[in-house]
Amino acid sequence: MKNQNFLEPFTFSPKGLVLNNSVVMAPMTTMSSFYDGSITNDEVDYYAERAGGPGMIITGVAYVTDGGKGFEGELSIAHDSTVKGLSKIARAIQQNGTKAVIQIFHAGRKTNSKILRGIQPTSASPIAAAYPKDSEEPRELTNEEIENMIKDFGRATLRAIKAGFDGVELHGANTYLLQQFFSENSNRRSDQWGGNFEKRMRFPLRVIEEVSSVIKANADRPFVLGYRLSPEELETPGIRLEDSLAFAEALTDTPVDYIHLSMGSYRRTSLNQPDDKEPILTKFVKVLNNRKPLIGVGSVERPEDAKAVIDAGAALVGIGREFIREPKWVQKVASGELNSIRYQISPYDMDQLRIPLAMQAYLENSFRDVIHFTTDGEQGETYEATLAPMEGFEKKM
Ligand SMILES: Cc1cc2nc3c(=O)[nH]c(=O)nc-3n(C[C@H](O)[C@H](O)[C@H](O)COP(=O)(O)O)c2cc1C
């Protein structure tokens with residue numbers, strides 16, 4: 001198993017940021033920041049435990065402005081005062097050579113007035129999300145607010161540069177604000193920010209432009225810009241595969257350094273067109289045609305999975321849940337210690353794996369598949385307790 005291609009270094013060109021290998025830890029919120037979004041030592045420990053393996057770690061998402069906070073325990077990059085704390089996360093990741101990228105977003109309508117301390121959520125249009133069922137109706141952003149929010153993404157990027165990160169990833173997936181502008185489901189505007197495909201792309205493209213110019217003006221080292229997107233929505237109207245493939249095509253003309261899909265399985269085929277059996281990953285590889293590196297992700301657990309993602313044409317392979325279970329996955333694959341890779345953990349392993357308590361609770365409630373509860377039975381046999389199905393998994397992420 002030695003010298004598989006995903007263990008080979010990767011260079012982001014033209015910026016020249018070099019990753020020690022082609023494995024990326026996918027962004028996963030730890031739910032463990034303080035009430036005001038400042039970091040906790042538990043988070044620093046969690047990242048430090050996983051550093052040194054993957055070539056790059058993308059942090060859990062951080063909100064760029066207070067009105068964009070999506071959930072309790074989320075990281076903030078909304079104020080200059082966050083820089084000091086965030087730099088501890090960057091440094092914890094960078095030990096032993098892992099590159100650190102911070103994911104940034106605005107939740108848009110995917111939050112509520114309780115999380116925003118009494119303030120109504122905002123979005124492209126005043127339409128409540130279909131999921132969860134009790135979603136609040138957001139207030140429509142004014143043109144001036146949109147222009148200011150574009151600057152907020154730029155200001156957050158400047159903080160990421162100051163905190164010592166190696167890049168930012170725009171979270172344009174999982175139905176948050178960037179996606180809300182792109183989707184007809186949430187964007188019914190008739191001004192320059194909505195109406196047809198071109199106009200619905202305008203907000204994400206302007207954010208990319210702003211972030212990129214902040215990087216150019218301020219980064220004194222290679223600093224990458226990534227864009228994450230969800231290929232499809234199930235709602236009608238909503239994003240269909242041909243829309244996101246056309247969006248990916250448009251992204252090839254922007255300064256983004258990589259494109260990152262958000263999917264629960266790298267083998268996934270279209271949810272809206274079940275007759276189409278071509279994996280979504282392959283479709284994106286074809287459209288991008290080596291013009292931008294692609295991160296393929298979703299249920300990569302074993303070395304064979306990582307190899308399959310790279311063999312399909314992705315430049316980088318993203319691993320999420322398996323890095324929660326096995327922080328030393330890369331080291332173990334590289335040294336051939338395949339039998340010691342953990343594919344199952346019990347709740348009792350979580351402290352040792354430096355999983356913060358709030359994240360443990362989140363996993364137990366929302367991602368029970370991460371934890372396989374095993375215990376010795378009376379006769380000494382091991383049994384696995386029932387695991388809750390991953391209901392709504394795609395939507396939750
Ligand atoms: C606990 C947890 C938190 C997550 N938080 C984020 C996040 O902050 N941003 C994001 O883009 N995706 C998030 N995701 C989705 C992952 O990045 C990834 O796409 C998903 O887990 C599928 O990859 P996997 O099968 O390797 O876990 C999260 C997933 C999990 C399990």
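Under 21 Å Cα-Cα from Lys216, which lysines qualify once same-chain neighbours fewer than 8 residues away are excluded?
Reachable lysines: Lys15, Lys99, Lys151, Lys162, Lys292.
Got the relative contact order for the chain handy, in percent, Cα pairs under 8 Å and 6 or more residues apart? Each step should come with its number before you reach the end.
Working: 842 pairs, mean separation 61.2, N = 397.
Computed value for the chain: 15 percent relative contact order.
Pop out the carbon and sulfur fraction of the accessible area of the chain as a percent, whole number, probe 1.4 Å. Display every interim value, and only then the final one.
Working: 7890 of 16340 Å².
Carbon and sulfur: 48 percent of the exposed surface of the chain.
If you plug each phi of the stretch 216-224 into the Karplus form 6.51 cos²θ - 1.76 cosθ + 1.60 with θ = phi - 60°, what whole-Hz ³J(HN,Hα) values come out, in order, with x for Gly and Pro?
Values per residue, Gly and Pro as x: 4, 7, 10, 7, 9, 8, x, 9, 8 Hz.
Find the accessible area per residue for the stretch 161-200; the probe is 1.4 Å, ligands and nucleic acids are left out, and the unit is Å². All intermediate terms of the calculation are to be shown ahead of the outcome.
Values: 1210 Å² over 40 residues.
Per residue, the stretch 161-200 has 30 Å² of solvent-accessible surface.
Considering only DSSP beta bridges where both residues belong to the chain, give the percentage that are antiparallel (nearest 5).
Values: 6 of 39 bridges.
Around 15 percent of the beta bridges assigned by DSSP in the chain are antiparallel ones.
If you wrap a convex hull around the C-alpha atoms of the chain and split its volume per residue, what is the figure in Å³? Provide the component values of the computation, followed by the final result.
On the way: hull volume 55.5 nm³, N = 397.
Given the Cα convex hull of the chain, per-residue volume reads 140 Å³.
Under the rule of -39500 (n - 2.57) per DSSP H run of 4 or more residues, summed and divided by the residues of the chain, what mean residue ellipticity at 222 nm is obtained, to the nearest 500 deg cm²/dmol?
On the way: 12 runs with 124 residues, N = 397.
Helices in the chain give a 222 nm mean residue ellipticity of -9500 deg cm²/dmol.
Applying a 10 Å radius around every beta-carbon, put 250-258, 268-276, 12-20 in order of their mean neighbour count, most first. Don't skip to the answer; put the middle values down first.
Details: 250-258: 18.1, 268-276: 13.3, 12-20: 15.6.
Descending mean neighbour count gives 250-258, 12-20, 268-276.
Give the separation of the Cα centroids, the stretch 44-61 to the stretch 101-132, in Å.
27 Å
Could you state the angle between the C-alpha long axis of helix 241-251 and the longest principal axis of the C-alpha atoms of the chain, as a value from 0 to 90 degrees rounded to the nearest 10?
80 degrees
Using Cα springs under 10 Å in a Gaussian network model of the chain, which residue among Ala217, Ala92, Ala128 shows the largest mean-square fluctuation?
In this elastic network of the chain, the residue with the biggest mean-square fluctuation among Ala217, Ala92, Ala128 is Ala217.
Charges at C-beta only: +1 for Lys and Arg, -1 for Asp and Glu. How large is the resulting dipole of the chain about its Cα centre, in Debye rounded to 20? Display every interim value, and only then the final one.
On the way: 46 positive and 54 negative charges, 214 e Å.
Charge dipole of the chain: 1020 debye, to the nearest 20.
Per residue, how large is the accessible surface of the stretch 1-123? Use a 1.4 angstrom probe and give square angstrom. Mind showing how you got there, number by number?
Working: 4510 Å² over 123 residues.
Counting only protein heavy atoms, the per-residue value for the stretch 1-123 is 37 Å².
The values are calculated or read from the model by the stated rules, or taken from the named source; none is laboratory data. This one's a predicted model, so the numbers in the text were calculated from it and none came from an experiment. So basically every Cβ, Gly included, is an ideal-geometry build from the backbone, and we count neighbours across all protein chains shown. What goes into the accessible areas is simple: the full protein's heavy atoms, side chains included, and nothing from ligands, DNA or RNA. Shrake-Rupley method; radii C 1.70, N 1.55, O 1.52, S 1.80 Å.
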